[in-house]
Amino acid sequence: MSTRTDAPTRREQILREAARLFAERGFHGVGVDEIGAAVGISGPGLYRHFPGKDAMLAELLVGISERLLSGGRLRVEESAADPAVLLAALIDGHIDFALDDRPLITLHDRELDRLRDSDRKLVRQLQRQYVELWVEAVRKVYPTLVEAEARAAVHAVFGLLNSTPHLGRPGALPDRSAMAVLLHRLACGAFAAAADGA
């Protein structure tokens, strides 16, 4: 989802490697030294960037929730005049996340409960706001859906899109472009099916 073209900062490198390692081996299965080695610095050197693993986990999970919400809001600003275009843009933005940030999906599923209460509540609050952007867009495209049906459809589509970590190794899947097209068609089909049943 990011449009950055410059090289990632050291902090971003640490977060990317921490997400990968946490997703592969679990939060408690990874030490600070291993994260440091993955980015070429000593474990203690990480403490110049983060007070500990808990802070990395919080920044990863709060950060992705903030990115999804801000990206969603930007799409609303850019496409609000055409509900179908907006819904397609929301779908494509979430597909980018699902294909490019697979470790964060795994991390969220497995480790959200490890966050401090305040951070977990913030993640949930950001996620609710993100869902509401989608619910409003879906109801404009499919006005026969009542709010509860639209919300259920949105959560079902998130489940579909966020299943990408379970689809096998990247090399075993269609190329990224073909996978994005397939996921987009499936998401649109899910919303249309929900509306047909309403």
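The values are calculated or read from the model by the stated rules, or taken from the named source; none is laboratory data. Keep in mind it's a predicted model, so treat the numbers as computed, not measured. Heads up, the Cβs are rebuilt from the backbone with ideal geometry, glycines too, and the neighbour counts pull from every protein chain shown. The protein model used for the area step is the full one, side chains on, heavy atoms only, and it has no ligands, DNA or RNA in it. Shrake-Rupley method; radii C 1.70, N 1.55, O 1.52, S 1.80 Å.
For this structure, a couple of remarks:
- Label positions at Thr9 and Lys140, each projected 7 Å from the Cα along the C-beta direction, are separated by 3.4 nm.
- Phi-based couplings in Hz for segment 90-106 (Karplus 6.51, -1.76, 1.60; Gly and Pro marked x): 4, 4, 4, x, 6, 4, 4, 4, 5, 8, 9, 10, 4, x, 5, 5, 4
- Karplus (6.51, -1.76, 1.60) ³J(HN,Hα), θ = phi - 60°, over segment 74-79, in Hz, Gly and Pro reported as x: 4, 5, 4, 4, 7, 10
- Charged-residue dipole, Cβ positions (Lys, Arg, Asp, Glu), segment 54-197 about Cα centre, Debye nearest 20: 200 debye
- Per-residue ³J(HN,Hα) for segment 146-159, Karplus 6.51 cos²θ - 1.76 cosθ + 1.60, θ = phi - 60°, Hz, x for Gly and Pro: 6, 4, 5, 5, 4, 5, 4, 5, 4, 5, 5, 5, 4, x
- Full-extension gain in nm, Ala193 to Ala156, via 0.36 nm per residue minus C-alpha separation: 12.2 nm
- Ordered from highest to lowest accessible area with the whole protein assembly present and a 1.4 Å probe, Lys121, Lys140 read as Lys121, Lys140.
- The chain - percent of accessible surface contributed by carbon and sulfur, probe 1.4 Å: 54 percent
- At a probe radius of 1.4 angstrom, the accessible area of the chain per residue rounds to 52 square angstrom.
- Label-to-label distance, nm, for residues given as Arg120 and Asp33 (7 Å Cα→Cβ offset): 3.1 nm
- Gained length - Leu186 relative to Asp96, 0.36 nm times residue gap less alpha-carbon distance: 30.9 nm
- Remark: segment 104-198 is approximated by an ellipsoid whose semi-axes, taken from the C-alpha gyration tensor as √(5λ), come to 25, 23, 9 Å, largest first.
- Charge tally in the Cβ shell below 9 Å around Ala150, where Lys, Arg are +1 and Asp, Glu are -1, Ala150 excluded: -1
- For the chain, with +1 on Lys and Arg beta carbons and -1 on Asp and Glu, the positive-most of Ser118, Leu90, Gly63 along the dipole: Ser118
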